[in-house]
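The values are calculated or read from the model by the stated rules, or taken from the named source; none is laboratory data. Keep in mind that this is a model prediction, so the values were computed, not measured. Please note: Cβ atoms are built from the backbone with ideal geometry, for glycine as well, and neighbour counts cover all protein chains shown.
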Amino acid sequence: MGHALNYFPAFFDLRGLRVLVVGAGEVALRKISLLERTGALITLVAPEVVPELAARARGGHLTLLQREFQAEDLDGARLVVVATARRAINRWIASLCEARAIPVNVVDDKEASRFIVPAIIDRDPVLVAISTGGSAPVLARRLRERLEALIPQRFGELALWLRELRSAAGERLRDTAARRRFYETLVDGAAARRFIAGDRRGAQRIAQQLLGTSALSAPPAGEVTLVGAGPGDPELLTLKGLRALQDADVILHDRLVSAGVLELARRDATRICVGKASGGASTSQEAINRLLIEHARAGKRVVRLKGGDPFVFGRGGEELQALADADIRYCVIPGITAAAGVAAYAGIPLTHREHAHSVSFVTGHADKNGVEPDWRALAASGQTAVFYMGLARLPVIIERLLTHGAPGSRPAAVVARGTSESQRVVTGTLDCLAAACAAADLESPALLLVGDVVALQARLAWFEPGESDEDLSRSA
């Protein structure tokens, strides 16, 4: 479940329905200009009316009651917009609407409104609504300005053309998935580009050719895409990874993939959590492999979404081996690995000409056969060692490093929930880091970074998490 929404985004069909507007100034004029295009039956109540609204009333575009508002004016109204200059009157009307369960918008009064009117990009019938929940209208307008430049003017005409193709597509392509892929190919390919460029005939020719080949072709084979979700911050997801999430039919995701990343996926995609939890319920690797193969063989586009990068302690190689053995088509979209992302957000460079000429990524626990890493090499100076999943074994890891030659004065840090708004950083030296982390009561996921570069953190830290008032960078 994602974060709470203050408003539920929706579009009302107001054709033939009575909408009441109270107030007849310039603000009301702007609202009515938009409402008129919906086919609503508009009633305007105000003692004084700007000339343009009076002219529209004379032309029969709306019903004008040139007097003060009366409670009976709400009878039969399905939507109300209040735009008078008197706050007390506005609040009173809003309370009457609330008692009758009529949605009401009080202009410039978010608290009194049951709905708000967003900034709109109009490519009729394509409408893009942008809202900041009434918090920052100027920000919504600026975002609209940027999107206006990105969305072609013929986008609405393109939508109408695609609607015209629905009948033929429905007759030729009986399978829902086949129809969806037909439209995706149209929108993502040359047909849409031709149409937007003004070549409707060329676009139509491509669509007919594609429709013919789609109807004759066998159902598409399923495929699996391994996608690196990055270390947590959803904005660190790659553009290619975002497109894969938008196209996926099924998403198998790790437990640690952030809710923000999952929010970017296609809404109707099937989502299956296959995460592994230390000491808790887990999905075995064999079961994950079976699910990937099962859904791909059913013709689905499957995304295996992994925290960080699939090939860095993500068992991506094992899953590809299983897919290759099953003759399933696959591809890999790398992600920002946790070491790179977390270190960057903590202000700890992994390499530095004066402090570290190499970096090692190490799992914090022994492998399934009990084989330990080369502790002597990890304890050597002039490098950075990054331990994944090392918080639970932090005292053991430190003891191994000290035993194999690392000095107790070597800088080290633990970064918990890196790149997120709850990121916490504990820095210190090997001889006192474990005690500092215990006192800080850190929770996984966390990375341990060991090396002289950690000493730079106090000066280079830049990321300021937003959920805590305390100093999240603690020196041991």
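Overview of values
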item: Residue under evaluation ILE348, criteria (1) under 24 Å from the mean Cα position of the chain (by Cα); (2) surrounded by 22 or more Cβ atoms within 10 Å (Cβ to Cβ); (3) of a type in the set (A, V, I, L, M), criterion not met; result: (1)
item: Within the range 123-147, tally of residues that are in contact (Cβ under 8 Å) with a residue 24 or more places away in the chain, closer than 30 Å to ARG163 by Cβ and not in a helix (DSSP H, G or I); result: 7
item: Pair list, Cβ under 6 Å, 6 or more apart: the range 452-465 residue within 22 Å of PRO407 (Cβ to Cβ) and not assigned by TED's automatic domain parsing to the domain that holds GLY418, other residue crowded, with 17+ Cβ neighbours inside 10 Å and not basic (Lys, Arg); result: none
item: Residue, farthest from the chain's Cα centre (by Cα), within the range 426-461, restricted to residues that are part of a loop (DSSP other than H, G, I, E, B) and under 12 Å from PRO349 (Cα atoms); result: GLY451
item: Residues within the range 342-399 that are free of Cβ contacts under 8 Å to residues at least 40 places away in the same chain, more than 20 Å from VAL425 (Cβ to Cβ), among the β-branched types (Val, Ile, Thr) and not in a helix (DSSP H, G or I), tallied; result: 1
item: Selection from the range 168-193 of residues that are part of a loop (DSSP other than H, G, I, E, B) and surrounded by 15 or more Cβ atoms within 10 Å (Cβ to Cβ); result: LEU173
item: Search result, residues across the range 306-350 that are over 19 Å from LEU447 (Cβ atoms) and among the basic types (Lys, Arg); result: ARG329
item: Those residues of the range 232-254 which are in contact with a Leu (Cβ under 9 Å, 6 or more places away or on another chain) and outside any helix (DSSP H, G or I), in sequence order; result: GLY232, LEU237, ALA248, VAL250, ILE251, LEU252, HIS253, ASP254
item: Matching residues in the range 39-52 - criterion: being out of contact with any helix residue (DSSP H, G or I) (no Cβ under 6 Å at 6 or more places or on another chain) and surrounded by 17 or more Cβ atoms within 10 Å (Cβ to Cβ); result: ALA40, LEU41, THR43, LEU44, ALA46, VAL49
item: Residues of the range 20-57 classified as in a loop (DSSP other than H, G, I, E, B) and among the small types (Gly, Ala, Ser), total; result: 6
item: Checking HIS355 against (1) surrounded by fewer than 22 Cβ atoms within 10 Å (Cβ to Cβ); (2) outside the structural domain of SER444 (by TED's automatic domain parsing); (3) over 30 Å from ASP175 (Cβ atoms), the condition it does not meet; result: (2)
item: Checking ALA343 against (1) modelled with pLDDT under 95; (2) more than 21 Å from GLY275 (Cβ to Cβ), the condition it does not meet; result: (1)
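Here is a yes/no grid of residues against (1) charged (D, E, K, R); (2) closer than 25 Å to ASP188 by Cβ; (3) at pLDDT below 90:
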{"residue": "ALA101", "(1), (2), (3)": "no, no, no"}
{"residue": "ASP108", "(1), (2), (3)": "yes, no, yes"}
{"residue": "SER113", "(1), (2), (3)": "no, no, no"}
{"residue": "VAL117", "(1), (2), (3)": "no, no, yes"}
{"residue": "VAL126", "(1), (2), (3)": "no, yes, no"}
{"residue": "GLY156", "(1), (2), (3)": "no, yes, no"}
